[in-house]
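Novice: Got a structure for you, questions after.
The values are calculated or read from the model by the stated rules, or taken from the named source; none is laboratory data. Given the structure is predicted, the values throughout are model-derived calculations rather than measurements. So basically every Cβ, Gly included, is an ideal-geometry build from the backbone, and we count neighbours across all protein chains shown. Note: accessible area is taken over every heavy atom of the protein model, side chains too, but ligands, DNA and RNA are not part of it. Shrake-Rupley method; radii C 1.70, N 1.55, O 1.52, S 1.80 Å.
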Amino acid sequence: LVPGAALSGGVLLAQCGVLMHSFWQRLNALFFYTLSCLGAFAFLAAATTYFHEAEPRVSLQLERIMLRRIQSAGHDQAILSLAIDADLRSVFNWNVKQLFVYVTAEYETQANVLNQVVVWDSVISEPEQAHIKSDLVVNKYSLTDQGFGLRDNEVKLVLNWNVVPATGLLTLSHAFDQIHTFQVPATYA
C-alpha cells in the first residue's frame, strides 16, 4: 500500500491488483453453481433407479379378427379384438412419472422384412392404473398393410412400454417372453 493513499471506491484495490466483481457477475456465478449442484443431484437420483428390478406379468390374446380388403386405397386392413392382462405395477418406482404402454403387431411381407404397427396404446400415470385387465379391447388403430400382405400371414402381438422418468433416461421395455402369435384368415370378411 502507498502511505497516505485515500480510499476512493475501487481505485486503491485496483492499484493492488484486486478487482471487485459486479453484482451481475456474482449472480451469474451463484446461479450456475446452483444449477451444477442440482444437475449432479439429479444424476445421482436417476442412478439409484437403475438397480430397480421390475417383474411385470403380461398375457396377451387375440379374441377376434376381421380382415377387409380396401380396394380403392390398395391395402388390407384388420380389425382386432384383444384380451389384455398386464400387471405393470412393479415397473413403478419413485422416479417413474408415467408409462406409455402400447401393443404392436409385427409381421413379414415380400416387400418388407419387418412390419411393426401400433394397434393399441395407453398412458398410465399412477401405479394403481398399471394393472390393465380387459377381455375385450378393440384396437385403437387398425392393422393396415401397405399392400395386400396381411391375408394368410402370421402376425405377432407384443406388449411394449416406455418408462418416462422424473429425471434420467427414457427407457423402452418389451414383453418378448409373452408374444402372442396368430394366423390372419385367408379370406376377407
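Novice: Can you tell me which residues in region 56-81 are free of Cβ contacts under 8 Å to residues at least 40 places away in the same chain and touching a Leu at 6+ places or on another chain (Cβ under 6 Å)?
Specialist: Answer for region 56-81, where residues must be free of Cβ contacts under 8 Å to residues at least 40 places away in the same chain and touching a Leu at 6+ places or on another chain (Cβ under 6 Å): there is none.
Novice: Let me ask something else about it. Quickly run through region 157-181 and pick out the residues that are open to solvent by 60 Å² or more (accessible area, probe 1.4 Å) and either free of Cβ contacts under 8 Å to residues at least 24 places away in the same chain or over 13 Å from residue 47 (Cα atoms) (or both).
Specialist: Selection gives 170, 172, 174, 176, 177, 178, 179, 181.
Novice: Conditions first: (1) on the phi < 0 side of the Ramachandran plot; (2) touching a residue at least 24 places away in the same chain (Cβ under 8 Å); (3) open to solvent by 70 Å² or more (accessible area, probe 1.4 Å). Residue 130 passes all but one, so which condition is the exception?
Specialist: (3)
Novice: Name the pairs: first residue in region 82-99 and closer than 12 Å to residue 53 by Cα and outside any strand (DSSP E or B), second residue open to solvent by 20 Å² or more (accessible area, probe 1.4 Å) and hydrophobic (A, V, I, L, M, F, W, C), Cβ to Cβ under 6 Å, at least 6 apart or on different chains?
Specialist: So the pair list comes out as 90/54; 91/54.
Novice: From the residues in region 100-127 that are among the charged types (D, E, K, R) and open to solvent by less than 70 Å² (accessible area, probe 1.4 Å), which one is nearest to residue 72 (Cα to Cα)?
Specialist: Out of the qualifying residues, it is 106.
Novice: Next up: Search region 108-133 for residues being modelled with pLDDT of 90 or more and small (Gly, Ala, Ser), and hand back the single one that is farthest from the chain's Cα centre (by Cα).
Specialist: Among them, the one singled out is 130.
Novice: OK, next. Which of the residues that make up region 100-114 are out of contact with any Gly (no Cβ under 8 Å at 6 or more places or on another chain) and part of a strand (DSSP E or B)?
Specialist: Result: 100, 101, 102, 103, 104, 105, 106.
Novice: A further question on this structure: Quick check on region 159-189: of everything there that is among the β-branched types (Val, Ile, Thr) and in contact with a helix residue (DSSP H, G or I) (Cβ under 7 Å, 6 or more places away or on another chain), which residue is modelled with the highest pLDDT?
Specialist: So, considering only residues that are among the β-branched types (Val, Ile, Thr) and in contact with a helix residue (DSSP H, G or I) (Cβ under 7 Å, 6 or more places away or on another chain), the one modelled with the highest pLDDT is 163.
Novice: Looking at region 100-127 only, could you name the residues that are in contact (Cβ under 8 Å) with a residue 12 or more places away in the chain and charged (D, E, K, R)?
Specialist: Selection gives 106, 108, 121.
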